[in-house]
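The values are calculated or read from the model by the stated rules, or taken from the named source; none is laboratory data. These numbers come from a predicted model, not from an experiment. All Cβ positions, even for glycine, are placed from backbone atoms using ideal geometry, and neighbour counts span all protein chains on display.
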Protein chains: 2
Amino acid sequence: MRVMIFVLLSLMWCGFTGADEGMWLPEQLPQIGERLAAAGLETSPGSFANLTDHPMGAIVSLGGCSASFISPDGLVATNHHCALGTIQFNSTAENNLLTDGFLAGSRDQELPAAPGARVLVTVRADDVTDRVLSSIPPDADGTARFTAIEQAKKELIAACEKTAGHRCDVASFFGGSLFRIYDQLEIRDVRLAYAPPSSIGKYGGDVDNWMWPRHTGDFSLYRAWVGPDGQPADPAPENVPFKPEHWLRVATDGVAENDFVMVVGFPGRTNRYRLASEVEHAIETEYPQQVERLTKILEIIDHETEGRPEAMVAYAAMSSYINNVLKKSQGMLAGFARSDSVARKQALETDLVEWIHADADREARWGDALPQLETFLEEHFATGRRDQIFGLLGYLQMWAAPAKGYRLARERELPDSERSPGYQERDMAKTRGFLAMMARNFDAQVDRAILGQVFEDHAALPESVRLEALDQWLGLDGEVDPAKAIASRLETMYAESRLVDPEARLALLDAERSFFEASDDPFVQLAVAMYPTLLKLEADKEAFEGRLLEARPRVMGALLAYQQTTGSEIYPDANGTLRVTFGNVTGYVPRDATVYLPFTTAEGMAAKATGVTPFDAPTRTLEAIAEKDYGPYVSEEIGSLPVNFLSSVDTTGGNSGSATIDADGRLVGLLFDGNWESMISDWDFLPKVTRSIHVDVRYMLWVLDRIDDAGHLLEEIGVAPAFREVPPGPRHQ
Amino acid sequence: MRVMIFVLLSLMWCGFTGADEGMWLPEQLPQIGERLAAAGLETSPGSFANLTDHPMGAIVSLGGCSASFISPDGLVATNHHCALGTIQFNSTAENNLLTDGFLAGSRDQELPAAPGARVLVTVRADDVTDRVLSSIPPDADGTARFTAIEQAKKELIAACEKTAGHRCDVASFFGGSLFRIYDQLEIRDVRLAYAPPSSIGKYGGDVDNWMWPRHTGDFSLYRAWVGPDGQPADPAPENVPFKPEHWLRVATDGVAENDFVMVVGFPGRTNRYRLASEVEHAIETEYPQQVERLTKILEIIDHETEGRPEAMVAYAAMSSYINNVLKKSQGMLAGFARSDSVARKQALETDLVEWIHADADREARWGDALPQLETFLEEHFATGRRDQIFGLLGYLQMWAAPAKGYRLARERELPDSERSPGYQERDMAKTRGFLAMMARNFDAQVDRAILGQVFEDHAALPESVRLEALDQWLGLDGEVDPAKAIASRLETMYAESRLVDPEARLALLDAERSFFEASDDPFVQLAVAMYPTLLKLEADKEAFEGRLLEARPRVMGALLAYQQTTGSEIYPDANGTLRVTFGNVTGYVPRDATVYLPFTTAEGMAAKATGVTPFDAPTRTLEAIAEKDYGPYVSEEIGSLPVNFLSSVDTTGGNSGSATIDADGRLVGLLFDGNWESMISDWDFLPKVTRSIHVDVRYMLWVLDRIDDAGHLLEEIGVAPAFREVPPGPRHQ
């Protein structure tokens, strides 16, 4: 079947659908040359197809965010919001880098990135579909299918990671129709070279998040460091800056309206090929519940941190994360309300089913494909609410640290290769890093309040999906008032537990199974008590995913075959792997009689300034704007300094920090957000209104040069500073 | 001095300042021919200068709103919101013209306008400055000056109104530098021919009020009726439609972007020449207090009418009025916060004072002009809060009816010519009409709640400005809790008073002084008790106005002389007299990277529809839009049916209902609102963002033709109906 799909893909790439839709594999670019040329790419797309050539070789992943090398000495450009964890990690109440920003005057002043931070340089991507699919036994059930695929992936990864300093991953495409292995150099000494104050880097904050017009200087600079031998190494004084083979040159002249742009990065996840019923479930159940729940959690954080600046700082990243998810869920609901996504999907499925039934061969092959998938999904929807409620548990340390520790202890009883993914030696650094970072962002009062809410939400679920072990632990026997019982239980637990000490939590990572099982710490006991249940949930989930890995490729196969008849083209859903999307710098019409222009200006930024967060533009910036002191970074076209710009490229979460490059492969900005109208683009692409938001490279250069006196960084990236004569005044008043 | 001012005026009219700023007297147009030509007027402006020629002769006042004749049989076009009182007056719970709209199938089905409704046709405007100013005795104080001017005006008006069916008014220009008398034919049989349902005529309601993009079909049609002799007459069956000398032809092809447009109407009041200190007082004290107070009153109305549809209908107009004032005050504050109005005015005043001091003659003439005006104003500001609180008393009938009645009874003891303005025989019809209309919009519970709030606000004033007589009447001796004392006093009063009966209130208009003074009705007793205090307030106000009438012309004289040196041009502040403003159909930039286009479309209207007021577009309209069934009213330029459009003309309240005409004098729309950014245009004109909002004549025609089957009205205005074949379905579902 795989061969057929590839044939279909090649055919379809020659067709046309919506404008700039598509998160393409670099390898696909030569096949959509006509579209690229139509968008304004004058050079051959072949130069973009090879992952290890320029400019693709300059693109890196930060794991969750995208980035790019912009100097021969390993300087990495990404978003301020991607470096937020690091900025926060290095901040204290007295020396708050969030509010003050940070500039390393020299390389030895660069600050360590947050634990677990990585720069991942892709060196190879190979098709491993045959190897993965051939491992599945005939007539495998869900669990067997899942296990076989995981086992095959694990073996592929283990073989690949035999090379020291490399990290490998197997990604699945088209719902499990294709598999590819990605081999990445894993640089683990990452340092912060520059971050603007949040009054620039986070200007507009949650108010402006997803919004246009936008004025956010959402960029920061990391540097990748390696051992003296040029290979990845743990952070050490003798380390040296990494010398990447490729780095992006900076286009100091930026872009103009209608210019061709590409965005290269690692979009996280899209669901463009989901069934109408899945979209409906998201609209009618999942997102509304999410909105209600997260609103409540945010209220809890606000309430519990009120008047306690340290607690506020500790939960700033979590609040920001939740706010982002919340606003996205709300935007999705608003977007779906305006769109005909479900109706279009239903129509397509009706046509597809008709087309299948119209032919005996097709009927034999795919006749039950959709019903089969629908049946699997319905079972899954039943437990969706519970999975949603438990989604935050990983961030609640009194729960997460012992649960993770005990699981690790149990997994360690197995040989490394037999352990579950995420619990192997290769995962330990990341786990440690995450928990170490979390340890600094902890406040028992807030942790307890949120955990209490999670438990209360669980107690309100129907009995059929509630976890008996948790009910028992909390003493919920159907008689007592759950809220009161939970509150009193948690009060005792937090009072008695030694895990409120961050060191005690971190120590659990290395503790033995026997330590956990003998412990009198209530949270450790909770972890042990919940262990069988959590394993069972995981097994259920794996069985479900195994069933999906059977059903989705069948539906996708039918859909691809059908779409060939309609001439639609196809690109795989985002899955965290390197993708290229292209389009043009362009505004849009958000509603009747209203046009959004593609560039915002420094004056527009100043016009929003109120002096109060998130519109607390630095005085120094406002003064420079009042003097229109833009130097060479001014855009003649818009008669001002461009701050952000819009383009029609197709991006999603994970693309944050992605390099925005012009047709010559030069850096013209950084992707950092989508617009409000594109909120449902994870599910459905709307060419007229789907836009991505970029910070303009000219604004980045101006901030570095005129506002923050970072001339040495400019010189490193090959840009001559224009403002050396400006006397350094007090910064960021 | 007057001659000098006129010379200055002629000089300044040749200069240029902001784009389309200016509410010009028609007579001024020939003097600003260059500006008109620059805006795109190709014909000679002379044709617009004569009040009684076409097209000016077609423009009429409704008293508070503007309108125009659009047929030889006296059909009058104005805004739906200008006809709201009439629509409401003819509505009952069973037959609600607000929700259903109204169409007279034939002329004899037309409904009477609300009592007091008038169509005023200007027939003459003469300069009477010499006559007025020469009446002021030498060394007159404020009261003497005010009285002399009022007396002169009264005599002029009395002489003018000797002609039956005429109504005259003397208006003051440039703060009392110039006076003109306006002679108007007063047509007093006014009938409603057509009103759309509020789901068209008030679409967007208070949510969209002042907003762009806008989709309001804010138009209605009246007809002027006269006696069989063609002269104004009381409503009577034998009356015939008025045959105006001039009426506007309808431009079925409408306007396009950048087209020249004029708006002709009766703008109410602007303060473009106020001092910086007056603007500051408005920003810092007056508007913030207004916002707080009106918000409270609206809450009271909402609360007291909850669940009582009849009370809701009764207070719909008042709520709408208060909402409008409230939103305007809020917009003013927002607008001032974004503008540099005060700084610019201060700079101008600094320059002016410097210029005065630089010359001994000027110093002698104007050296103390500004300080004198500032002194007068400061005294006035002290009582501003009280005046604001009492501003609503005229709408509270239990207070207003006996107060008005007793005042009338006292005034009637004087010969008609000696009575105060507003209490002469000539004013009686209007007074009666107003009170009769108010009588239908009354609910004792709401009246009492608002009156209680007014009294409470009064009780919270500093003692220096509180009215002793009111304190006494309410038993506020400084010991009792004012809120409780007022509530208990009002409870008794409403329970005891016969005035809760509308007939009893109306009867007070004809009652004798002795009736009031012997009455045991508590509200009548309150009116008698407050009478001396209210007279004293009026006398104080007149003395203040008299002082202003001395000081303002001096400051204006200095300003005009100074502005001559800077080349600025000058037009008088709006004062309710006929004005012409011109400009172009054009959008604007409300903020960075955002452009508002000048036309909204039917599809944009449909996109706002939610089914819930104020976005409850009629099903029939939505269906026609879904079919793009626009007939000849479609605009090729925008590819749709235009609903509203923006222009750069300079308008204000009172302009509502004004004809928007093209360079050929044809009707292309009706002015009905200003945009949010123009909110402070009463004080300061901002050429880049000050815009007026018009309902497009093509939308009016389409609604009449396609939606409401008013073919006979279309034929009357010379437009061939295009939708005769559409079967009349159920209207406005």
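Values for this structure:
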{"item": "Residue count for segment A:585-596, restricted to those that are within 7 Å of chain B (Cβ to nearest Cβ), under 24 Å from A:MET262 (Cα atoms) and surrounded by fewer than 18 Cβ atoms within 10 Å (Cβ to Cβ)", "result": "1"}
{"item": "Some residue of segment B:361-380 being modelled with pLDDT under 90, farther than 21 Å from B:ASP447 by Cβ and surrounded by 17 or more Cβ atoms within 10 Å (Cβ to Cβ)", "result": "yes"}
{"item": "Candidates A:ARG432, A:ARG448, A:ARG419, filtered to the one that is modelled with pLDDT of 95 or more and under 26 Å from A:ALA518 (Cα atoms)", "result": "A:ARG448"}
{"item": "The lone exception for B:TRP366 - which of (1) touching a Lys or Arg at 6+ places or on another chain (Cβ under 7 Å); (2) within 14 Å of another protein chain (Cβ to nearest Cβ) it fails", "result": "(2)"}
{"item": "Number of positions in segment B:606-637 that are more than 24 Å from B:ALA251 (Cα to Cα) and surrounded by 21 or more Cβ atoms within 10 Å (Cβ to Cβ)", "result": "2"}
{"item": "Residue match in segment B:653-673 (condition: within 13 Å of chain A (Cβ to nearest Cβ), over 30 Å from B:SER44 (Cβ atoms) and buried (at least 21 other Cβ atoms within 10 Å of the Cβ))", "result": "no"}
{"item": "Unique residue being under 30 Å from A:PRO26 (Cβ atoms), touching a Leu at 6+ places or on another chain (Cβ under 9 Å) and within 14 Å of chain B (Cβ to nearest Cβ) when the list is A:PHE582, A:PHE645, A:PHE599", "result": "A:PHE599"}
{"item": "Wholly enclosed strands (runs of 3 or more DSSP E) of segment B:635-695 bearing at least 2 residues more than 24 Å from B:VAL325 (Cα to Cα) and in contact with a helix residue (DSSP H, G or I) (Cβ under 6 Å, 6 or more places away or on another chain)", "result": "B:642-647, B:667-674"}
{"item": "Which listed residue, of A:GLY85, A:GLY57, A:GLY101, is closer than 22 Å to A:ALA316 by Cβ and at pLDDT below 95", "result": "A:GLY85"}
{"item": "Spans of helices (runs of 4 or more DSSP H) in segment A:349-391 with at least 2 residues within 28 Å of A:TYR321 (Cβ to Cβ)", "result": "A:369-382, A:384-390"}
{"item": "Yes/no for B:GLY64 being in a loop (DSSP other than H, G, I, E, B) and within 29 Å of B:ASN441 (Cβ to Cβ)", "result": "yes"}
{"item": "Selection status of A:SER640, within 14 Å of chain B (Cβ to nearest Cβ), under 18 Å from A:PHE672 (Cα atoms) and crowded, with 19+ Cβ neighbours inside 10 Å", "result": "no"}
{"item": "Test: residue in segment A:235-250 that is within 30 Å of A:LEU622 (Cβ to Cβ), in contact with a helix residue (DSSP H, G or I) (Cβ under 9 Å, 6 or more places away or on another chain) and touching a residue at least 60 places away in the same chain (Cβ under 8 Å)", "result": "yes"}
{"item": "Single residue of B:ILE87, B:ILE32 found to be under 13 Å from B:TYR194 (Cα atoms), part of a helix (DSSP H, G or I) and either of a type in the set (Val, Ile, Thr) or more than 22 Å from the chain's Cα centre (by Cα) (or both)", "result": "B:ILE87"}
{"item": "Those residues of segment B:305-346 which are within 14 Å of chain A (Cβ to nearest Cβ) and either among the hydroxyl-bearing types (Ser, Thr, Tyr) or not in a helix (DSSP H, G or I) (or both), in sequence order", "result": "B:SER339, B:ASP340"}
{"item": "Inter-residue pairs, beta-carbon under 8 Å, first part of a helix (DSSP H, G or I) and in segment B:136-148, second among the β-branched types (Val, Ile, Thr), 6+ apart", "result": "B:ALA144/B:ILE136; B:ARG145/B:ILE136; B:ALA148/B:ILE136"}
{"item": "Positions within segment A:509-527 being assigned to a helix (DSSP H, G or I) and farther than 20 Å from A:LEU393 by Cβ, in sequence order", "result": "A:ASP510, A:ARG513, A:SER514, A:PHE515, A:GLU517, A:ALA518"}
{"item": "Identity of the residue in segment B:674-702, over 24 Å from B:GLY201 (Cβ atoms) and among the β-branched types (Val, Ile, Thr), that ends up surrounded by the fewest Cβ atoms within 10 Å (Cβ to Cβ)", "result": "B:VAL689"}
{"item": "Some residue of segment B:416-428 being aliphatic (A, V, I, L, M), part of a helix (DSSP H, G or I) and closer than 27 Å to B:ALA504 by Cα", "result": "yes"}
{"item": "Exclusive hit being basic (Lys, Arg), touching a strand residue (DSSP E or B) at 6+ places or on another chain (Cβ under 7 Å), within 22 Å of A:HIS246 (Cβ to Cβ) and in contact (Cβ under 8 Å) with a residue 40 or more places away in the chain, set A:ARG167, A:ARG188", "result": "A:ARG167"}
{"item": "All positions within segment A:610-637 that are in contact with a Pro (Cβ under 9 Å, 6 or more places away or on another chain) and within 13 Å of another protein chain (Cβ to nearest Cβ)", "result": "A:SER635"}
{"item": "Segment B:160-209 - residue that is among the acidic types (Asp, Glu) and more than 29 Å from B:LEU51 (Cα to Cα) and, of those, surrounded by the fewest Cβ atoms within 10 Å (Cβ to Cβ)", "result": "B:ASP206"}
{"item": "Qualifying residue in segment A:324-346 (condition: among the aliphatic types (A, V, I, L, M) and more than 30 Å from A:GLY391 (Cβ to Cβ))", "result": "no"}
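Conditions tested, residue by residue: (1) within 14 Å of chain B (Cβ to nearest Cβ); (2) among the acidic types (Asp, Glu); (3) in contact with a Gly (Cβ under 9 Å, 6 or more places away or on another chain).
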site: A:PHE516; (1), (2), (3): no, no, yes
site: A:ASP520; (1), (2), (3): no, yes, no
site: A:PHE523; (1), (2), (3): no, no, no
site: A:PRO532; (1), (2), (3): no, no, no
site: A:LYS536; (1), (2), (3): no, no, no
